[in-house]
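Following: one structure in structure tokens, then a few remarks.
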Amino acid sequence: MAAQAPVDEMAQLNVSDAAATKPKPGLDSATATNGNLNHDSDDSDDDAETAAPGADTGAAKKKKKRKPKKKKKNPTAQSDPPRVLISQLFPNKVYPKGEEIEYVNENRYRTTNEEKRHLDNLKNEYYNEYRHAAEAHRQTRQWAQKNIKPGWSLTDIANGIEDSVRALVGHQGLEEGDALKAGMGFPTGLSLNHCAAHYNPNAGNKMVLQQDDVLKVDIGVHVNGNIVDSAFTLAFNPRYDPLLEACKAATNEGLKHAGIDARLGEIGGYIQEVMESYEVELDGNTYQVKPIRNLNGHTILPYNIHGGKSVPIVKSNDQTKMEEGDVFAIETFGSTGNGYVHEEGEVSHYAKRMDAPKVDLRLSSAKSLLNVINKNFGTLPFCRRYLDRLGQEKYLLGLNSLVANGVVESYPPLVDKKGSYTAQYEHTILIRPTVKEVISRGDDY
């Protein structure tokens, strides 16, 4: 989920929902597998043995023997759509590590240092929870990349992703407090074309994905407040491939230079250099890919998607260093437009502020809504559809009151100039004592 740099002025652009041009396709709700799930049959009844005609009726009848029923085995492969618990696929509850990268230069010693290895081992449970969330993220996005096609509504895409995440971690979030145990780390970002971040369909949204769209898919998964934040971009027209490659390469460059004592401003310079080395040709015009300079990567804290440090994607004089124990979302945004975004459009993303003041709320609807937010989301970001899902009605007045009183922060969509195209790639990285671990790394990106 993007962190926005402070801005002084916001331009106004008109962003309208694209009209649906195709019938709304329904999501396949079947939980049939890819042919790989193995279940042993429970049918074990034997035919009863009967006495032969004319046999001695005084003879003792043979007792019917039943074989003990075999226990069902846990599934060994994921279903489509994903509905098999990650914990069932890994019955020992040890989840796959991300990409581990050894430190270099003056931090090279950390890889084998006994003291650092001991510190690492003390946090195994914490790392395992992060890996649990990361595996749910990988399996969800694998399904999304395979299935999302032009003609799908943004609402169907959002529901498909979010239903999968909740199923994989085993928390539907409908009971009070359940979503705080595991589930969505923030609302799924589904931002089209010149909209770079923070777009999620509200109820009644009719937008439909088109063949020439560029879709940023930003997914957050958490287990016990440990949030994996990772994003990718989908485009169905190959003319946008250089734009996507620019962001993917720039993100990997940022990950390469991340680590203990790395200066955030310098990382931004490395990202910028790679991003600006790409060009995109659209309709006979050539555009240098520009980093969106007022969007940043960020630290992640428990139940807090935007921590105190920001990772710029352009060179800056920020001398802040990465430190042992930090968790960072390294994300880059590239654009064929101005390389600068502003807030515009209907808000869907909200979050209770970590430093929310205690205010005397006059509206009863605001008080009751704050109680719902505290018990179901805490400081995790949420969207209007999540409130709808909990059965909340007529809450907008109360929600706006919470925003006006500084209790809840709103996150409007962030857009570059209309007619431009933007892309995004993002990974979460753990700055461990012995190595850095790109926790969200997969075979896809």
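Numerical summary
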read-out	value
Residue count for region 416-437, restricted to those that are surrounded by fewer than 22 Cβ atoms within 10 Å (Cβ to Cβ) and closer than 19 Å to Ile271 by Cβ	1
Matching residues, region 390-420, being outside any loop (DSSP other than H, G, I, E, B), farther than 30 Å from Ala262 by Cα and aromatic (Phe, Trp, Tyr)	none
Residue match in region 400-415 (condition: over 25 Å from Ala179 (Cα atoms), at pLDDT 95 or above and buried (at least 19 other Cβ atoms within 10 Å of the Cβ))	yes
Boolean, Gly297 is closer than 30 Å to Lys181 by Cβ and either in contact (Cβ under 8 Å) with a residue 60 or more places away in the chain or not hydroxyl-bearing (Ser, Thr, Tyr) (or both)	yes
Condition broken by Ala423, with the remaining ones in (1) part of a loop (DSSP other than H, G, I, E, B); (2) in contact with a Phe, Trp or Tyr (Cβ under 9 Å, 6 or more places away or on another chain) satisfied	(1)
Options Met354, Met322, Met275; residue that is within 24 Å of the chain's Cα centre (by Cα) and not assigned by TED's automatic domain parsing to the domain that holds Leu243	Met354
Identity of the residue in region 175-198, among the hydrophobic types (A, V, I, L, M, F, W, C) and assigned to a strand (DSSP E or B), that ends up surrounded by the fewest Cβ atoms within 10 Å (Cβ to Cβ)	Leu192
Single residue of region 206-247 satisfying the filter (buried (at least 20 other Cβ atoms within 10 Å of the Cβ) and of a type in the set (D, E, K, R)) that is farthest from Val289 (Cα to Cα)	Asp229
Subset of region 240-291 that is of a type in the set (Ser, Thr, Tyr) and not in a helix (DSSP H, G or I) - its residue that is farthest from Thr428 (Cα to Cα)	Thr286
Some residue of region 333-343 being at pLDDT 95 or above, outside the structural domain of Tyr278 (by TED's automatic domain parsing) and surrounded by 21 or more Cβ atoms within 10 Å (Cβ to Cβ)	no
Residue within region 98-116 that is among the polar types (S, T, N, Q), crowded, with 22+ Cβ neighbours inside 10 Å and part of a helix (DSSP H, G or I) present	no
Odd one out for Asn374, checked against (1) surrounded by 17 or more Cβ atoms within 10 Å (Cβ to Cβ); (2) closer than 20 Å to Ile227 by Cα; (3) without any contact (Cβ under 8 Å) to a residue 40 or more places away in the chain	(1)
Selection count where residues are assigned to a helix (DSSP H, G or I) and acidic (Asp, Glu), scope region 338-389	1
Count of residues meeting criterion [assigned to a loop (DSSP other than H, G, I, E, B), surrounded by 21 or more Cβ atoms within 10 Å (Cβ to Cβ) and within 20 Å of the chain's Cα centre (by Cα)] in region 293-319	3
Some residue of region 280-291 being in contact with a Phe, Trp or Tyr (Cβ under 7 Å, 6 or more places away or on another chain) and among the polar types (S, T, N, Q)	no
Matching option when the condition is more than 16 Å from the chain's Cα centre (by Cα), acidic (Asp, Glu) and more than 15 Å from Ala133 (Cβ to Cβ), among Asp163, Asp241	Asp241
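Conditions (1) loosely packed, with under 13 Cβ neighbours inside 10 Å; (2) modelled with pLDDT under 95; (3) assigned to a loop (DSSP other than H, G, I, E, B), marked per residue:
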position: Pro53; (1), (2), (3): yes, yes, yes
position: Ala59; (1), (2), (3): yes, yes, yes
position: Pro68; (1), (2), (3): yes, yes, yes
position: Lys72; (1), (2), (3): yes, yes, yes
position: Pro82; (1), (2), (3): no, no, yes
position: Lys93; (1), (2), (3): yes, no, yes
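The values are calculated or read from the model by the stated rules, or taken from the named source; none is laboratory data. Since the structure is predicted, the reported quantities are computational estimates derived from the model, not experimental observations. Please note: Cβ atoms are built from the backbone with ideal geometry, for glycine as well, and neighbour counts cover all protein chains shown.
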